[in-house]
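*Asks:* Below is the structure I would like to discuss, written out as structure tokens.
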Amino acid sequence: MKFIFQTMPAYGHLNPMLGVAKELVQKGHQVIIYNTTDFEKKITDIGAEFRKPPIKIIENLDFRILHNAVHIAELSLQATEIMTN
């Protein structure tokens, strides 16, 4: 089975999910994690496949917009639509 994860590019968002992803990899599932290149090694170290986000805004994210839940939801929906098509 294939699992795709997308988290905000921050340790507090990625680290808790890595344990779940690692278990899935160990059970033989394909795990793809979209995040910024800052987190590539953490992702590949657990055996998951790293991919850069499909929208450039995530890579150069201005963290001031994260204080607005509407912006966060909009970015997440944009990226999810691209990743699942």
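*Asks:* When you look at THR44, is it exposed (fewer than 14 other Cβ atoms within 10 Å of the Cβ) and at pLDDT 95 or above, yes or no?
*Replies:* yes
*Asks:* Tell me which of these ALA21 doesn't satisfy, since it passes every other one: (1) surrounded by 13 or more Cβ atoms within 10 Å (Cβ to Cβ); (2) at pLDDT below 95; (3) more than 17 Å from PRO54 (Cα to Cα).
*Replies:* ALA21 satisfies every listed condition except (2).
*Asks:* Can you find even one residue in region 54-77 that is at pLDDT 75 or above and in contact with a Gly (Cβ under 9 Å, 6 or more places away or on another chain)?
*Replies:* Scanning region 54-77 turns up no residue that is at pLDDT 75 or above and in contact with a Gly (Cβ under 9 Å, 6 or more places away or on another chain).
The values are calculated or read from the model by the stated rules, or taken from the named source; none is laboratory data. These figures come from a predicted structure and were not determined experimentally. Reconstructed Cβ throughout: ideal geometry from the backbone, glycine too, with neighbour counts over all protein chains shown.
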